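The values are calculated or read from the model by the stated rules, or taken from the named source; none is laboratory data. Every value quoted in this text rests on a predicted model; they were computed, and no experiment measured them. Cβ sites come from the backbone with ideal geometry, for glycine too, and all protein chains shown count toward neighbours. Areas reflect the complete protein model, heavy atoms only, side chains present, ligands, DNA and RNA absent. Shrake-Rupley method; radii C 1.70, N 1.55, O 1.52, S 1.80 Å.
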Amino acid sequence: MSLTSCNSCMTSSYDLQKWSSKLIEFPHVSTSHRNLMLDILSSIDTHLGPQLLPSSIPPDLAYFENDSTTSQGALDIRLGQKDSTIDFMVGYWTHCEFPSESAFLNFFSDCESPFESEFPSDSVSLPSESVYLNMTTLFAILKPTTDAPHLIVEFIQYHPNSLILIMDLIPRKDLVLHPEYLQIFYEDTLLEKHRQKLEKLPESQPFLSASLYNRSHMSPTAILVRIDCDGDMKEMLRDHVGVVVKDVLRIWLENCVGRREIGEIEREILVRRDNFLKRYPVYMDIADNLPLLFSPEIARRVTDALLKVFRKRVTPGATDDGIAEEHQRQMDRPKRVRRSERLQKQGKRAI
Amino acid sequence: MVSLFHHAPHFPLPTPPSPPRTRSRLRTSISCSMTSSSNPLKWRSKLLEFPHLSTSHRNLMLDLFSSIDTHLGSQLLPSSIAPNVASFENETRTSQGSLDIRLGQDESTIDFMVGCWLHCQLPSGSSLDITTLFAFLKSTTDAPHLLLEFIQSSPNSLILYMDLLPRKDLVLHPDYLQTFYQNTLIENQRQKLDKLPETQPYLSSNLYLRGILSPTSISVSINCENMEEMVRDHVGDVVKEMLRIWLESCGGKREIGEMEREILVRRDDLLKRNAVEMDISANLPRLFSPEVAERVKDAIQKVFRIESK
């Protein structure tokens, strides 16, 4: 109870009513992390104003949990106005508690998440009580009326002293074929300077997604780091991570939201490319991992909501059949043999 | 070659002793002893001398060129490089280099292969050694090009780039990613080096160069006491395996549609122009006389078919 009232004290200093109230609670992360998220959402509101329509997420998607409440999540989807170059923005957080270290490690080895192979098993000593995983994500997808980069920010935390940060302006064009695009959005904006600020910290190390496809869609200035510190995560967030995240967000807001001239053929390629981006790194990531943390019913509900907003913009007039078809396509996709299954077959324990 | 542009030489160390060139020490490596008497490899002997590299590094290079010759055989025409491009130096002999270019036969999917080494004695006393192997394919295939480069700025400090350079936009072509990067298990090789405590990721300061690399590219700086052992026991295996993967997966013809070929050619042109021009034009004149730099640049540009501006 006191936690809730504390949260509302904090959020009242920002006017964030256009976002889902469940989202902006961010109940499971540290105060400094929550403040950073609220800062981010506030900047977005300030800069985009009426361009981003207020949240209209239904209650059963705004917040969801599994039966034992060991997994909780919140989702918000805000659509861009008709004239805005913004298609939509998605914010979500998930909090999952695992009963034991081995259950936690099993999850990592099973999930098709970006951080699968980066789990630092030996290097970070896990607390012996239950372990947890917090994910906090924000991404913005732009319409094909612009070819400016999409935005992604994601925090992954499983220990008070360890934080993974993924932040990028995701290119909409092949950078090898379009050096001028690289120049406009990545060189002239001095993004590299901000990436280097984090790279230089002794507490940070680079982090590579296990998925080659995920790796391939990131830009050359993508921030992909794991921060390990000795109990001063609060300072780290406030003085380093927070500063960089807000600067990069500002660069995106200032450079990527305006209209751009897009030729007919270019638009065709743009739409095709965006479909791939939406499907693989974004949708599949969520679709594959939610069922591991929540009930199949919740997972389906959430992925349906995302699919609706992805497809609506892609194929106007798409019916619900499109969604069923998409689910079928996902079912038919060759499944990676989960590591725990593979080990079981070999007669070994998973951990 | 590719990296000259962005690499800053390190200055803090005293002059390292240059590795002895006595062939008697190389008894264990057959390919080395062969080169002392005859040159069965069809590459220029000046190139294969690699006079400034450590023993294990030289052996590795010879192994690589030997694999290439074995696998590609007559697909590669003999070298046609002019002698004064095969070997060049500045007046004070503090900078030396060797370049060899072999063109692919008409039917081969290989356009050309470049082997190159550069040695530069810096005023501080330390030296810089760059060793490059680069294979460029024709537009009759969209298989990846091959890039390998070592940059050694001190006995204990080595930067290694190795990659199968994608010819297509991987976001738009996940099947291409699957064929050349997932099915080949090339990521395992990258991870072998990544896991070593002596390596750390190394990012080019040139964003375009960063952008041409694949998701499985090796781009590391290696710092260790015993570089000889590192190259012999770890780096060598990975580099040879990646070369083998390239030779086996990227040699065949592929079906290329008309429109695809147009994009392929445009992309390759940009790759050549931005990677090569930026690199060579900027740096050769720094290490060599304008006349030598011009000569070498011309030879390269001719084969890359880049118009001089």
Point to revise | Using a Förster distance of 45 Å, the FRET efficiency for B:Asn84-A:Asp188 (Cβ separation, nearest 0.05) | key: 0.60
**Study point:** Projected label distance in nm at A:Val243 and B:Leu122, using a 7 Å step from Cα toward the beta-carbon
**Key:** 2.9
Exercise for review: Using only protein heavy atoms and a 1.4 Å probe, report how much of A:Tyr92 is accessible, in Å² to the nearest 10.
Suggested key: 30
**Study point:** Projected area, mean over directions - the stretch A:156-295, Cα convex hull, nm²
**Key:** 10.1
Study note, to complete from the structure: Nearest-0.05 FRET efficiency for A:Leu292 and B:Glu107 at R0 = 56 Å, using Cβ-Cβ distance, is 0.60
Practice item. From largest accessible area down, sort B:Tyr161, B:Tyr202; use a 1.4 Å probe on the protein chains. Key: B:Tyr202, B:Tyr161
**Study point:** Solvent-accessible area per residue for the stretch B:67-213 (1.4 angstrom probe, square angstrom)
**Key:** 34
Check your understanding: Roughly speaking, what % of Cα-Cα pairs in the stretch B:101-202 are separated by over 16 Å, rounded to a whole number?
Key -> 69
Exercise for review: At 7 Å along the Cα-to-beta-carbon direction for both B:His71 and A:Val271, put a label point, then send me their distance in nm to one decimal.
Suggested key: 4.2
**Study point:** Tensor-based shape of the stretch B:129-185 (alpha-carbon gyration tensor, a/c under 1.5 rounded, otherwise prolate or oblate)
**Key:** prolate
Exercise for review: Return the value, in Å² to the nearest 100, of accessible area buried between chains B and A (probe 1.4 Å, both sides summed).
Suggested key: 2300
Practice item. Provide a whole-number value for the mean count of partner chain Cβ atoms within 10 Å of the Cβ atoms in peptide B:191-200. Key: 1
**Study point:** Entries in A:Lys173/A:Lys200; A:Lys200/B:Lys302; A:Lys197/A:Lys308; A:Lys200/B:Lys46; A:Lys82/A:Lys173; A:Lys173/A:Lys308 that, when Cα-Cα distance is taken, lie over 32 Å
**Key:** A:Lys200/B:Lys302; A:Lys197/A:Lys308; A:Lys200/B:Lys46
Practice item. Step through the residues of the stretch B:182-194 one at a time and calculate ³J(HN,Hα) from phi using the Karplus curve (6.51 cos²θ - 1.76 cosθ + 1.60, θ = phi - 60°), rounding each to whole Hz and writing x for Gly and Pro. Key: 8, 4, 7, 6, 5, 4, 4, 5, 4, 5, 4, 6, 4
Practice item. When a/c is below 1.5 the answer is rounded, else prolate if a/b is larger than b/c, else oblate, so apply that to the stretch A:126-237 with a ≥ b ≥ c taken from the square roots of the Cα gyration tensor eigenvalues. Key: prolate
Check your understanding: Cα gyration tensor of the stretch A:172-215, axes a ≥ b ≥ c as square roots of the eigenvalues: rounded (a/c below 1.5), prolate (a/b > b/c) or oblate?
Key -> oblate
Practice item. Please name which of B:Val231, B:Leu213, B:Ile245 has its Cα lying farthest along the dipole of the stretch B:199-246 towards the positive end, using unit charges on Cβ (Lys, Arg +1; Asp, Glu -1) and the Cα centre as origin. Key: B:Leu213
Practice item. Roll a 1.4 Å probe over the protein heavy atoms and report the accessible area of A:Thr46 in Å², nearest 10. Key: 110
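I'm checking a number: the convex hull volume of the Cα atoms of the stretch B:37-157, normalised per residue, in Å³. What is it?
124
Can you sort B:Ile101, B:Ile263 by 1.4 Å-probe accessible area, starting with the largest?
So the residues, ranked largest to smallest area, are B:Ile263, B:Ile101.
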Exercise for review: Give me the distance between the Cα centres of the stretch B:66-94 and the stretch A:166-187, rounded to whole Å.
Suggested key: 36
Review point. Normalised by the residues of the stretch A:56-109, what does the relative contact order come to in percent, with Cα pairs under 8 Å and at least six apart?
Key: 28
Practice item. Send over the per residue convex hull volume for the stretch B:152-202, Cα only, as a whole number of Å³. Key: 97
Review point. In Å and whole numbers, how far do the C-alpha atoms of the stretch B:208-264 stretch along each principal axis, longest first?
Key: 53, 28, 13
Study note, to complete from the structure: Taking Cα pairs closer than 8 Å and at least 6 residues apart, the relative contact order of the stretch B:102-189 in percent is 19
Point to revise | Solvent exposure, largest accessible area first (probe 1.4 Å, DNA, RNA and ligands not counted), of B:Lys302, B:Lys168 | key: B:Lys302, B:Lys168
Revision key, fill the gap. For the pair A:Asn161 and B:Arg286, the simple spin-label estimate (label points 7 Å beyond Cα toward Cβ) gives in nm 4.2
Practice item. DSSP loop (so not H, G, I, E, B), at most 12 other Cβ within 10 Å: list which GluC sites (Glu not before Pro) in the stretch B:175-243 pass both filters. Key: B:Glu225
